[in-house]
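J.: Okay, here's the structure, questions in a sec.
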Amino acid sequence: MKNLISKLSPLLICLSFAWPALAAQLADKQEIRIGNGTEPRELDPAISTGVPESHIEDNLFEGLCSYDPFTLAPLPGAAESWQISADATVYTFKLRPNLKWSDGKPLDANDFVYSWRRTLDPKTASEYAYQLYYIKNGAAFNKGKLKDATQLGVVAKDARTLVVTLERPTPYFLNLTSFHTLYPVPRHVIEKHKQGWTKEGNMVSNGPYKLAEWRINKHIKIVPNPHYWDKERLKIKVAYFMPIENENTEEKAFVSGQLHMTTTVPSIKIPYYKDLKKRDPKRAVYQSTPMLGTYYYRFNVTKKPTDDQRVRKALSLTIDRRLIVDKITKGDQVPAWSFVPPNTAGYTYPRTYIKDSPSQQDLATAQQLMKAAGYPNGKGFPKIDLLYNTSEGHKKIAVAIQQMWKKHLGIEIGILNQEWKVYLNTVRALNYNVSRGGWIGDYLDPNTFLNMYVTGGGHNNLGFSNQQYDNYIKMAASELDHSKRLQYFRKAEDILIEEVAIIPIYFYTNNSLISPKVKMYSVDGKLQNWAGNLSDRILLKYYAIAK
């Protein structure tokens, strides 16, 4: 520990002296720089799927509802009010008067109709299109069974009135209207620039900020949207999102004052930052908050040898999750025994065969399963790779699990890293056996996790298909009794866990380095210290840099 502290002492010096002068300058400018982990794949709300994209899109666009920055509860956004029918299937949204795009052109209810139709259009190939299956005929249109888009349950009654008809009552529908897949997009720009509409110089949005620069692998710069309805609230005048894939490089950028905040913290540095927080709260920069998310490994269940449930279960049984969170991640994570994090809207999946650390019986069972699958002591097991997107943290976990599988099962597994965009394409094409996965819930309900793996689902990158599983998810969707809904989810997750389509590893926490200068305003305008939220949403509308 003494050696570690001595190595980190230069960082302490930087932390003490680099920040004040630079922070004062940036406070005058109200400029914030954020480490974003990787280069975004796309900034088209209908197409994007990842957290790096959502960090930016949540500031460029705004849905009918917006997020409370702390609780994520739905607030009036582009819609100033709404009414819900007695049977909870018809929502009538009243848009704010004089809404405009960032180029000054009018925005009205027809823009939402166009945008939702576009997302559901099979030609758009939106992986998140299923978030609009809740509206009448959404699934049928997206799957090509219905060709007439006018039959969708989204209608502009007039310029300021949007009427949405659902297939069935959906308790979390208002939350969904805050989510990026349901953001409006500018028809006049898309029709002009086609796929190039999100490029610098072309992009038009409706949120609190607009795109100013997109320098590939350098930064994305956003500035206030002068036509935003609530522009007077904005304190941050310039924001940079920096794509830095190496976690050590990102942490050094924070320490030297080049970043205000980052959610990428090298695990070896976490004990130091925790200790600093205890010793000197005024210089505390480390924040750890719970998240609605799970770190896991996914299997391609259509490709040998991971098409064999016995192999998948053996691989799961031999992972020491406790060792991973205690010795590798070190960020207050909890070993995961389920896909849905505990206490998600009252739902907690019980512990089954998945343990924090494998027992001798678990290891024996795993070896028996491999033998039954035709690989006694690992003999004859084909060489496969464990795929992860570029990150030192992901690499460390992959190496540890690689060693566990070799030690306990006698198999040789390669590890393969790919840049974010390539990795996403590889997973989508099912061109892998085992790959690293992470899922942050889009809203507070078990459905945001379990709905992913219905047959043919937009995020079902496993090849997994189980009719009974699909039925339970469908029954949960139409069940109004909350306790019964949770029972259906329990039965569905029973199938997912027993089939071992995925391996839960740990439940996420948001481990961040945040300058003490970064403050946040509550919805009612009270200034307070920065605080994270369950979905790691960065809502700059409520941020400010203190002097």
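J.: Answer with yes or no whether E127 is surrounded by 15 or more Cβ atoms within 10 Å (Cβ to Cβ) and at pLDDT below 95.
T.: yes
J.: Residue check, M291 against (1) more than 24 Å from Q368 (Cβ to Cβ); (2) more than 21 Å from the chain's Cα centre (by Cα), all met but one. Which one?
T.: M291 satisfies every listed condition except (2).
J.: From K221, K231, grab the single residue that is within 29 Å of D28 (Cβ to Cβ), outside the structural domain of P106 (by TED's automatic domain parsing) and more than 24 Å from the chain's Cα centre (by Cα).
T.: After applying the criteria, what remains is K231.
J.: Next question, about the same structure. Could you identify the single residue in R160, R187 that is more than 19 Å from P76 (Cβ to Cβ), of a type outside the set (S, T, N, Q), surrounded by 14 or more Cβ atoms within 10 Å (Cβ to Cβ) and touching a residue at least 40 places away in the same chain (Cβ under 8 Å)?
T.: R187
J.: I'm told Q368 meets every condition in (1) surrounded by 14 or more Cβ atoms within 10 Å (Cβ to Cβ); (2) modelled with pLDDT of 95 or more except one. Can you identify the failing condition by its number?
T.: (1)
J.: Within the stretch 130-142, restricting attention to residues that are hydroxyl-bearing (S, T, Y) and in a loop (DSSP other than H, G, I, E, B), which residue is surrounded by the fewest Cβ atoms within 10 Å (Cβ to Cβ)?
T.: Y134
J.: Continuing with the same structure: Sort out which residues of the stretch 229-272 are aromatic (F, W, Y) and crowded, with 22+ Cβ neighbours inside 10 Å, and write them in order of number.
T.: Those that are aromatic (F, W, Y) and crowded, with 22+ Cβ neighbours inside 10 Å: F241, F254.
J.: Suppose we filter L424, L462, L480, L450 for residues that are closer than 30 Å to T119 by Cα, within 20 Å of the chain's Cα centre (by Cα) and either modelled with pLDDT under 95 or of a type in the set (F, W, Y) (or both); which single one remains?
T.: Among L424, L462, L480, L450, only L424 is closer than 30 Å to T119 by Cα, within 20 Å of the chain's Cα centre (by Cα) and either modelled with pLDDT under 95 or of a type in the set (F, W, Y) (or both).
J.: Right, next: Scan the stretch 22-32 and give yes if some residue there is of a type in the set (A, V, I, L, M), in a strand (DSSP E or B), buried (at least 23 other Cβ atoms within 10 Å of the Cβ) and modelled with pLDDT of 95 or more, otherwise no.
T.: Yes, because at least one residue in the stretch 22-32 is of a type in the set (A, V, I, L, M), in a strand (DSSP E or B), buried (at least 23 other Cβ atoms within 10 Å of the Cβ) and modelled with pLDDT of 95 or more.
J.: Right, next: Looking at S483, S465, can you tell me which residue is under 26 Å from D308 (Cβ atoms) and free of Cβ contacts under 8 Å to residues at least 60 places away in the same chain?
T.: Of the residues listed, the single one that is under 26 Å from D308 (Cβ atoms) and free of Cβ contacts under 8 Å to residues at least 60 places away in the same chain is S465.
J.: Looking at the stretch 88-97, which of its residues are at pLDDT 95 or above, surrounded by fewer than 18 Cβ atoms within 10 Å (Cβ to Cβ) and assigned to a loop (DSSP other than H, G, I, E, B)?
T.: Matches in the stretch 88-97: R96, P97.
J.: Tell me, please, whether a residue that is in contact with a Leu (Cβ under 8 Å, 6 or more places away or on another chain), in a helix (DSSP H, G or I) and hydrophobic (A, V, I, L, M, F, W, C) can be found in the stretch 338-353.
T.: no
J.: Is there a residue in the stretch 433-440 that is within 15 Å of E127 (Cα to Cα), in a loop (DSSP other than H, G, I, E, B) and modelled with pLDDT of 95 or more?
T.: So far as the stretch 433-440 goes, no, none of its residues is within 15 Å of E127 (Cα to Cα), in a loop (DSSP other than H, G, I, E, B) and modelled with pLDDT of 95 or more.
J.: Could I ask something else about it? Only residues that are assigned to a helix (DSSP H, G or I), surrounded by fewer than 22 Cβ atoms within 10 Å (Cβ to Cβ) and either modelled with pLDDT under 95 or not acidic (D, E) (or both): list them for the stretch 190-212, please.
T.: I190, K192, H193, K194, Q195, G196, W197 - these are the residues of the stretch 190-212 that are assigned to a helix (DSSP H, G or I), surrounded by fewer than 22 Cβ atoms within 10 Å (Cβ to Cβ) and either modelled with pLDDT under 95 or not acidic (D, E) (or both).
J.: Being crowded, with 19+ Cβ neighbours inside 10 Å and within 30 Å of S178 (Cα to Cα) narrows it down to one residue among Y375, Y423; which is it?
T.: Y423
J.: Just wondering, is there one or more residues in the stretch 271-282 that are part of a strand (DSSP E or B) and among the aromatic types (F, W, Y)?
T.: no
The values are calculated or read from the model by the stated rules, or taken from the named source; none is laboratory data. Computed from a predicted structure; not experimentally measured. Ideal geometry is used to build each Cβ from the backbone, glycine not excepted, and the neighbour counts take in all protein chains shown.
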